[in-house]
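Written out below as structure tokens is the structure these notes cover.
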Amino acid sequence: MRDIKSLKPLIEKQLTASAGEVSIIDIVDLFVEYAYSSRASDIHIEPAEEKVVIRFRVDGILKDAFSFSKELQSEIVSRVKVLSGLKTDIHHLPQDGRFKAKIEKSGEVDIRVSIAPTFYGENTVMRILAETSQKFTLEDLGFTKEQMKSLTKAIYKPYGMILANGPTGSGKTTTLYTVIKKLNDRKVSIITIEDPIEYSIEGITQIPVNVSAGLTFANGLRSILRQDPNIIMVGEIRDSETANIAVNAALTGHIMLSTLHTNDAATTFPRLTDMGVPPFLAASTLNVVIAQRLVRMACTACRKERSLSIPEIKSLGFAADSSQTKKVYTIGPGCKECDGSGYKSRIGVHEVLEVNEDIRNLIVSRADASHIKEAAVRNGMKTMVEDGFDKAQKGITTIEEVVRIIYE
């Protein structure tokens, strides 16, 4: 596999070549290879008034990389459409597809494609679904030993619900896939319904949502329950219908895994109540709730150590006195290892809320999220801020990154 330094001049040569010398096939292939080599998760091909800009999302941050003339725009978009099996003559409607790209010495990589019409032409986003994402363990994802103990205890119960919460792009699906792989055994039937299917897992039945054909999360979940499953994964609980079917499935002897968009673990319970799930059912079925964010990891080659001041410690929500200065790591100046960014790769910061008798009583009494969180902390739950702070002290990430991802 070629590195980004050798790929960059090849791309620039193609983008600035005369009309007869340009190879659209090569340009698209080079974009994908460059993205894969630079650890990018997404390629954005964004049309503007006078040019088209290529941006790559690396470790969650979008960066401008290339630009080219509008003359090449339609040909490049058409090439992506052909690869993805999309209709090349439709320009006024969004289209979604996927294809496999061959990367030199790395094999095939799955690419998920989304094309949408904009004022200046069609906007194209390609998501790189790298195979390495399937090889994670819970420890690789950043869970502490205590968190893994709570999570393992919950997933091996005979029934109940496990929820992974957080905003889009916080690694929820990767966490659930990792749990699914831990549970994957020929003695059980595992069925998922996803929108879309991100990774194919051997030995598991995976169903894609197809809204135009009437296959929604709710309808798909009803069908799955007639397929004799032991373990079910629903890509996301979006509405009250899906929420209630999922809770009832968990109550009737199934392990149910899903995701929800909430800010922290404790907010899950009021959110489910808002979606029409009776509190006593939520209390009976939920085994554990994971809330998470992804933070960039400090480059080990150029990171620096510094002391947090007392006001800084207090601003993070920790009690502090004059003797409690804390050593943490901060971003370095950037080097060859991290391509000048000071960060390389990402890891999760989590809070794992184990639902015990105290929490169940609070859920049934409709306690607000703050009271549930206080009870969970008393029972040993580490908050996301605390988890991030610990990782900053160990040099895994920086305190600036924890503040950016949790508070900003």
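The values are calculated or read from the model by the stated rules, or taken from the named source; none is laboratory data. Computed from a predicted model, the values in this text were never measured in an experiment. Positions of Cβ are generated from backbone atoms using ideal geometry, with glycine treated the same way; all protein chains shown enter the neighbour counts. Heads up: the accessible areas ignore ligands, DNA and RNA and are worked out on the full protein's heavy atoms, side chains in. Shrake-Rupley method; radii C 1.70, N 1.55, O 1.52, S 1.80 Å.
Which Cα, out of 242, 72, 229, lies furthest along the positive dipole direction of the chain (beta carbon charges, K/R +1, D/E -1)?
229
List the aspartates and glutamates whose Cα sits under 18 Å from the Cα of residue 182, skipping any in the same chain fewer than 8 residues away.
131, 139, 140, 146, 198, 202
Taking 0.36 nm per residue of separation and subtracting the Cα-Cα distance, what length does fully extending residue 307 through residue 116 add?
Extending this stretch completely gives an extra 64.0 nm.
Treat each spin label as a single point 7 Å out from the Cα along the C-beta direction, and report the residue 148 to residue 16 distance in nm.
Placing both labels 7 Å along Cα→Cβ, they lie 5.0 nm apart.
Rounded to a whole number, what % of the accessible area of the chain do carbon and sulfur atoms account for, probe 1.4 Å?
The computed percentage sits at 49.
Computed FRET efficiency, Cβ-Cβ of residue 140 and residue 108, R0 25 Å: what is it to the nearest 0.05?
Taking R0 as 25 Å, the efficiency between residue 140 and residue 108 is 0.65.
In whole Å and largest first, what semi-axes does the C-alpha gyration tensor of segment 1-83 yield when each eigenvalue is scaled by 5 and square-rooted?
The answer is 19, 15, 12 Å, longest axis first.
In the structure displayed, which of 145/314; 153/327; 135/314 lie more than 29 Å apart, Cα to Cα?
Working: 145/314 27 Å; 153/327 34 Å; 135/314 38 Å.
Pairs exceeding 29 Å: 153/327; 135/314.
Got the relative contact order for segment 195-287 handy, in percent, Cα pairs under 8 Å and 6 or more residues apart?
After rounding, I find 23 percent.
If you count only protein heavy atoms with a 1.4 Å probe, what accessible area per residue comes out for segment 1-146, rounded to a whole Å²? Walk me through the numbers before you get to the answer.
Working: 7860 Å² over 146 residues.
So segment 1-146 comes to 54 Å² accessible per residue, rounded to a whole number.
Report the residue, chosen from 331, 61, 90, that carries the largest GNM mean-square fluctuation when the chain is represented by alpha-carbon nodes joined by springs under 10 Å.
Its mean-square fluctuation being the largest, the pick is 90.
Compute the helix-to-body angle for 172-183: its Cα long axis versus the longest principal axis of the chain, expressed 0 to 90° and rounded to tens.
70 degrees
Springs between alpha-carbon pairs under 10 angstrom, Gaussian network model over the chain: which of 102, 187, 373 fluctuates most?
Most flexible of the set in this elastic network: 187.
Have a look at 148, 161, 256 and tell me which one the Gaussian network model of the chain (Cα, springs below 10 Å) gives the largest fluctuation.
148
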